[in-house]
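Notes to accompany the following structure.
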Amino acid sequence: MVEQTLLALKALFLVLLYVFVWRVIRAAARDLRVPQESVLLGPAQAAALGFRLGAAPSPRPRLVIAASSALEPGTARPPGRRVSRRAEATHRLARPRAERHPALQ
């Protein structure tokens with residue numbers, strides 16, 4: 001009885017594995033049949049979308065301070081500057097209660 005049950009479970013596993021592989025291959029084949037969008041634009045299409053040759057690059061990202069007890073709110077800083085509680089940071093943040101906790105050191 002146990003051997004028959006194990007044989008039935010093996011057969012069921014193989015059937016489920018076959019169905020899974022078949023579904024994966026079918027989904028991949030369907031994706032290959034669908035035409036893909038082109039990422040290349042002609043000059044006229046790019047101009048119609050608002051892209052211009054020689055246009056100024058977008059401004060660099062910046063960090064704007066919304067609210068802070070250590071920094072002036074509303075000031076903008078480039079993201080390359082270090083803002084941290086550590087001593088080697090460019091701008092040191094004061095958080096005395098958190099600094100006493102050894103896990104945050």
How about the range 22-50: which of its residues are among the aliphatic types (A, V, I, L, M) and within 29 Å of the chain's Cα centre (by Cα)? VAL24, ILE25, ALA27, ALA28, ALA29, LEU32, VAL34, VAL39, LEU40, LEU41, ALA46, LEU49
Can you report the number of residues in the range 35-60 which are of a type outside the set (Gly, Ala, Ser) and at pLDDT 75 or above? 6
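The values are calculated or read from the model by the stated rules, or taken from the named source; none is laboratory data. All values reported here derive from a predicted model rather than from experimental measurement.
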